[in-house]
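S.K.: I'd like to ask some things about the structure below.
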Amino acid sequence: MNNKLGCVILAAGEGTRMKSELPKVLFPICGKTMIEYVIEASSSLNPLQIYVVIGYKADLVKQKILSSEYIKPNIKSKIVFVTQKQQLGSGHALLQTKNFIDKKIDTLLTLSGDVPLIEPTTLKEFYNVYKKTKVDISVLCVKMQNPQGYGRIIKTPSGDLKDIVEEQDATEIQKKIKEVNAGIYIFKLPKLWSALKKIRPDNVKKEYYLTDVVKFLPKKNVYLCNNPIEVAGVNTRADLVEIESYVKNKIIKNLMLNGVSIVSPETVYITHNVKIEPDVTILPGSVLENVIIEKNCEIGPYTYIKDSTIAEGTKIVFSYIEGAKIGPYCKIGPYSRIRPQTILDKNVSIGNFVELKNSVVQEMTKINHLSYIGDSEIEKMVNIGAGSITCNYDGVKKHKTYIGANSFIGSNVNIIAPIKIGHNVVIAAGSTVTKDVPPYTFVIAREKEIHKVGHRIVKRIFNKNSKE
Ligand code: UD1
Ligand code: CA
């Protein structure tokens, strides 16, 4: 633990340019929110505490951080939330932390909640260089091909840092400067506080700019980062898409290096919390969010899987799966929908236009065509015929269906729950079954069929037709 170092993350802003009800720092990039990225990065320097300045929808931001699956408990315990009641600017935001900072801390690394891709190695290097120079402020900066929107670094003729000018306040000549402020700083305490108190909102946005402290801190320098994407700030949804495609490509490349085949990767979307074993093939158009996939599976084309685990050797084509546990060597799709709390055992076959919900299906069972199975337990080696459904809902309550091993349910059978169908039962096609069925039973429950040869209806229709 570095007892002298504290980290501040500025995350109180609304993010007006996102045009959203969601606070900007809660926008996800491949399943992880921006604020989670920044907290993870800041923790890499092992600071004594991490101060997160929240304001706009503070409770929502706080809740997300505390429930994060990405931030480890030992990091969560270092987080101190500081509220900025009114969003009067980044300088005002940082000043709010003054009374919270631990007395042992003499150095503050300050990060922006909307600069998510900063790498731990860069932060470490930035900090190490700072320690050697003994300045009051060090500004992490970068040369951008297109510096639009960023604060420009103004230097003296001898190349020293003089000022930072925001886009809106910059002259045409200053706008041509490509060296920009990344929004990541290291400050020496307590000098920062007196400088922060001197800044005034005398600019186009009428905000207390953190960048104005440069004017009041005599010893200053810049640290140049050579990787612009790391310090790209997200202000608009267009910025977000750019960053997300970079992150997504990184995730996909990593998976490929670990033995996963991803055909046509530009059409595939995969979030951070996806684990895939070697020799899995992901086919075009597939979306995977929070999924574990074991070896030798084939997923896609055009398959969406969320919050699920898929055991080895399973094939899923053109399907939608959410909150399910799929066993090994299953065949799913095309056009299957598997809803939450569904568990499939091994070698289960789920076919086209089949919907499963909150059901357990044992090994070797086949539900291959046009079925709805809800709130059910189906044992092994059962065959559910085309169009058969469980009628689990009576308009008020949901009821359970049990079907025993080896049973053969013919096509178009309505199974009215609650019901228990024993093992080795055969139910004739078109039956509507309402009562429990004991094992080794044949059930037929349909209207008696009547055939009338030469009936007048036949005559009326076909005689008329023959005249025409
Ligand atoms: C800021 C810098 C700019 C830099 C850019 C890098 C200032 C004045 N300018 O501009 O030089 O090039 O970042 O991305 O800082 N915030 C608060 N409370 C507020 C206002 C902002 O907590 O009252 C937070 C925001 O949530 C955000 C950060 O401070 O995380 C930066 O604010 P933002 O308005 O995005 O500043 P930029 O215009 O991007
Ligand atoms: Ca910003």
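S.K.: Taking every pair of alpha-carbon atoms in the chain, give the share separated by more than 39 Å as a whole percent.
M.R.: 45 percent
S.K.: If you count the DSSP beta bridges with both ends in segment 181-324, what percent of them are antiparallel, to the nearest 5?
M.R.: Expressed as a percentage, antiparallel bridges in segment 181-324 total about 0.
S.K.: Using 0.36 nm per residue of separation minus the Cα-Cα distance, give me the extension gain between Lys191 and Asn99 in nm, one decimal.
M.R.: 31.7 nm
S.K.: Binning at 5 angstrom from zero up to the longest distance, how are the C-alpha pair distances of segment 285-414 distributed in percent?
M.R.: The percentages, shortest bin first, are 3, 12, 22, 27, 18, 11, 6, 1, 0.
S.K.: Helix-derived [θ] at 222 nm for the chain: sum -39500 (n - 2.57) over DSSP H runs of at least 4, divide by residue count, nearest 500?
M.R.: About -5500 deg cm²/dmol.
S.K.: Using a/c under 1.5 as the rounded threshold, could you call segment 377-420 rounded, prolate or oblate? The axes a ≥ b ≥ c are square roots of the C-alpha gyration tensor eigenvalues, and prolate needs a/b larger than b/c, oblate otherwise.
M.R.: It is oblate, given that a/c is not under 1.5 and a/b is not larger than b/c.
S.K.: Along the charge dipole of the chain, pointing to its positive end and built from +1/-1 on Cβ of Lys, Arg, Asp and Glu, which listed residue (Ala417, Ser407, Val25) has its Cα farthest out?
M.R.: Val25
S.K.: Still on this structure, please answer the following. Using only the alpha-carbon atoms of segment 121-233, report the extent along each of the three principal axes, biggest first, to the nearest angstrom.
M.R.: That gives 36, 33, 28 Å along the principal axes, largest extent first.
S.K.: For Asp59 and Glu266, compute 0.36 nm times the residue count separating them, minus their Cα-Cα distance, and round to one decimal in nm.
M.R.: Length gained between Asp59 and Glu266: 70.9 nm.
S.K.: Just want the answer: with Cβ charges of +1 for Lys and Arg and -1 for Asp and Glu, which residue in Ile50, Thr133, Gln145 is farthest toward the dipole's positive end in the chain?
M.R.: The residue sitting most towards the positive pole is Ile50.
S.K.: Hey, another quick one. Binning at 10 Å from 0, report for segment 354-434 what percent of all alpha-carbon pair distances ends up in each bin.
M.R.: Bins of 10 Å from zero give 22, 62, 16, 0 percent of pairs.
S.K.: Between the helical axis of 120-133 and the dominant principal axis of the chain, each derived from Cα atoms, what acute angle in degrees is found, rounded to the nearest 10?
M.R.: It works out to around 10 degrees.
S.K.: Nearest 10 degrees is fine. How inclined is helix 237-257 to the longest principal axis of the chain, computing both from alpha carbons?
M.R.: In the chain, helix 237-257 runs at an angle near 70 degrees to the longest axis.
S.K.: Can you compute the charge dipole magnitude of segment 1-97 about its Cα centre, using +1 on each Lys and Arg Cβ and -1 on each Asp and Glu Cβ, nothing else charged? Give it in debye, rounded to the nearest 20. Display every interim value, and only then the final one.
M.R.: Values: 12 positive and 6 negative charges, 14 e Å.
Taking the Cα centre of segment 1-97 as origin, the dipole is about 60 debye.
S.K.: For the chain, with only Lys/Arg (+1) and Asp/Glu (-1) charged at the beta-carbon, what is the dipole magnitude about the Cα centre, in debye rounded to 20?
M.R.: 720 debye
S.K.: While we're here: Give the percent of DSSP beta bridges with both residues in the chain that are antiparallel, rounded to the nearest 5. Can you show the working numbers first?
M.R.: Numbers: 18 of 106 bridges.
The antiparallel fraction comes to roughly 15 percent.
S.K.: Angle, helix 34-43 long axis vs. longest principal axis of the chain, Cα atoms, 0 to 90°, nearest 10?
M.R.: Tilt relative to the chain: about 60 degrees.
S.K.: Where does segment 180-257 land on Rg/Rh, using Cα atoms and the Kirkwood Rh?
M.R.: For segment 180-257, the value is 1.12.
FYI, it's all coordinate maths here, none of it is from the lab. As the structure is a prediction and not an experimental result, all values here were calculated from the model. Glycine also receives a Cβ, built like all others from the backbone with ideal geometry; neighbour counts cover every protein chain displayed.
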